[in-house]
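Written out below as structure tokens is the structure these notes cover.
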Amino acid sequence: MSAVTHTHSLIRTPLRLPATSPTDSHTDMSKLLLLLLWTWTSLALVRVPLKRMRSIRSQLRADGVLEEFLKDHRPEMFNRRYAQCFPLGTPSLRLGRSSEKIYNFMDAQYYGEISLGSPAQNFSVVFDTGSSDLWVPSTYCVSQACASHRRFKAFQSTSFHHDGRTFGIHYGSGHLLGVMARETLKIGSLTTLNQEFGESVYEPGSAFVNSKFDGVLGMAYPALTEILGNPVFDNMMVQNVVEEQIFSFFLSRYSGTPEGELLLGGKDEELYSRPINWLPVTAKGYWQIKMESVVVQGAMTLCPRGCQAIVDTGTSLIAGPTADIINLHQLIGATPTNIGEFLINCARMSSLPHVTFVLGGTEYTLTAERYVRKEMLGDREFCLSGFQAVDIVSPEGPMWILGDVFLTEFYSIFDRGQDRVGFAFAKHPT
């Protein structure tokens, strides 16, 4: 945890000093200094370095078992549980088995470190704006996936509180099952007391065996919680340990240093170019905003009458309605594979159109270099589309998901105090 830094910001508060006698001045000044010191240290900006690692999908591909894995795990089962955008049973919802609440971490790439307990036990987690729960593997987990990850040992912690309740998070291949607890959570020098979290005792399927992360820390609104506790950032706000009710993400384009950063309690002006474009949250579950349109350079306009978009750091791709994504893939010459991916001829990259997302009147343009993913299989490079088809029809209109393909290019700011999302152009090293 030493790589996580704690940044203080000067808080200027007008202070009026009462008239004092010389004998009182030393005492009063001491009190004032203590007050200023408390103000300085009680509110924090905490930087969490994010590591960019190979996703589960890429690891399975490199091991030559991706196709076999996907035969046993239907592709649509890796759609996240976006059913909770609106009440269950809504007839227009189409997500395969719409009654299931499903996460997708097959393509998650960015992870950071947290610790739980006293003394601290470290875990690598996905900081996920598309969910709200915190869970890590338990030492009592019996699944194969847990054996290859760090596991929480409750009996070693003096601050552990057993909750007594159980929980289940639905996945396409089964349920992640566990028990609930409360514990001291540390992220860098920031401490949150009595944080509700889940200890998983059973993790379904074999996907998590290949994951580089131990667990997940959800950063969406409380409406999405399945563990029935306060999300981490909500507890930070209640306990008044962050300077502002804001967190922000910078995701690097490349592996190396720095690979990315989560800033808790504010935003870093060194990592983006002004201005910030603020967009109000339209539904307090996901970080959901309105999108005016998606324009494919010189060819077509998708979402012409406006639609909704979920800003999601826990998924790698950009997802949209099937009809729109099919048209887009046809236009850029992407060909489907038998495992649900779309291949693009790497030699055609320079001739592919730009794709522009219009949000709050501002255009956010991705070139092919940004929306095409390059991967290696042995010594062979191949190119994959960064777009994925997922049908989600909400009362507010068609739904898109802006994942890391989008968020890598733009600094993202999540403001719980004013229920809004901000975007600015990220400053990437040249």
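The values are calculated or read from the model by the stated rules, or taken from the named source; none is laboratory data. The model shown is predicted, which means the values in this text are computed figures rather than measured ones. Here Cβ is always computed from backbone atoms with ideal geometry, including for glycine, and neighbour counts include all displayed protein chains.
Considering the stretch 362-412 alone, what residues qualify as being of a type in the set (Phe, Trp, Tyr) and farther than 23 Å from Lys427 by Cβ? Let's see the steps before the verdict.
Taking the stretch 362-412 and keeping what is of a type in the set (Phe, Trp, Tyr), we get 364, 371, 382, 387, 400, 406, 410-411.
Passing the criteria: Phe382, Phe387, Trp400.
Could you figure out which of (1) touching a residue at least 60 places away in the same chain (Cβ under 8 Å); (2) in contact with an Asp or Glu (Cβ under 6 Å, 6 or more places away or on another chain) isn't true of Leu384?
Only one criterion is unmet by Leu384, namely (1).
Give me the strands (runs of 3 or more DSSP E) completely within the stretch 341-401, filtered to those with at least 2 residues that are surrounded by fewer than 21 Cβ atoms within 10 Å (Cβ to Cβ) and out of contact with any helix residue (DSSP H, G or I) (no Cβ under 6 Å at 6 or more places or on another chain), ordered by residue number.
Values: elements: 342-344, 355-359, 362-366, 372-377, 380-385, 387-389.
Those strands (runs of 3 or more DSSP E) span 355-359, 362-366, 372-377, 380-385.
Looking for something out of contact with any Pro (no Cβ under 7 Å at 6 or more places or on another chain), among the hydrophobic types (A, V, I, L, M, F, W, C) and part of a strand (DSSP E or B) - is there at least one such residue anywhere in the stretch 320-329? Even if it seems obvious, please write down each step before you answer.
Of all residues in the stretch 320-329, those out of contact with any Pro (no Cβ under 7 Å at 6 or more places or on another chain) come to 320, 322-329.
Applying the additional criterion that residues be among the hydrophobic types (A, V, I, L, M, F, W, C) yields 323, 325-326, 328.
Filter once more, keeping what is part of a strand (DSSP E or B): none.
Checking the stretch 320-329: not a single residue is out of contact with any Pro (no Cβ under 7 Å at 6 or more places or on another chain), among the hydrophobic types (A, V, I, L, M, F, W, C) and part of a strand (DSSP E or B).
Inspect the stretch 288-307 for any residue being touching a Lys or Arg at 6+ places or on another chain (Cβ under 8 Å) and more than 16 Å from Gly397 (Cα to Cα) and give the result as yes or no.
No: the stretch 288-307 contains no residue that is touching a Lys or Arg at 6+ places or on another chain (Cβ under 8 Å) and more than 16 Å from Gly397 (Cα to Cα).
Of all residues in the stretch 187-230, which are assigned to a helix (DSSP H, G or I) and at pLDDT 90 or above? Spell out the reasoning first.
Filtering the stretch 187-230 down to residues assigned to a helix (DSSP H, G or I) leaves 207-210, 222-224.
Hits for the stretch 187-230 are Pro222, Ala223.
Got a number for residues in the stretch 301-340 being buried (at least 22 other Cβ atoms within 10 Å of the Cβ) and polar (S, T, N, Q)?
Selection size over the stretch 301-340: 4.
Where the second residue is among the charged types (D, E, K, R) and assigned to a strand (DSSP E or B) and the first is closer than 17 Å to Ile169 by Cα and lies in the stretch 111-132, which pairs have Cβ atoms under 9 Å and are six or more apart or on separate chains?
Once the first residue is closer than 17 Å to Ile169 by Cα and sits in the stretch 111-132, its partners that are among the charged types (D, E, K, R) and assigned to a strand (DSSP E or B) give Val125/Glu113.
Would you mind telling me which numbered condition in (1) of a type outside the set (Lys, Arg); (2) part of a loop (DSSP other than H, G, I, E, B); (3) within 19 Å of Arg416 (Cβ to Cβ) Ile310 fails?
Status for Ile310: all satisfied but (2).
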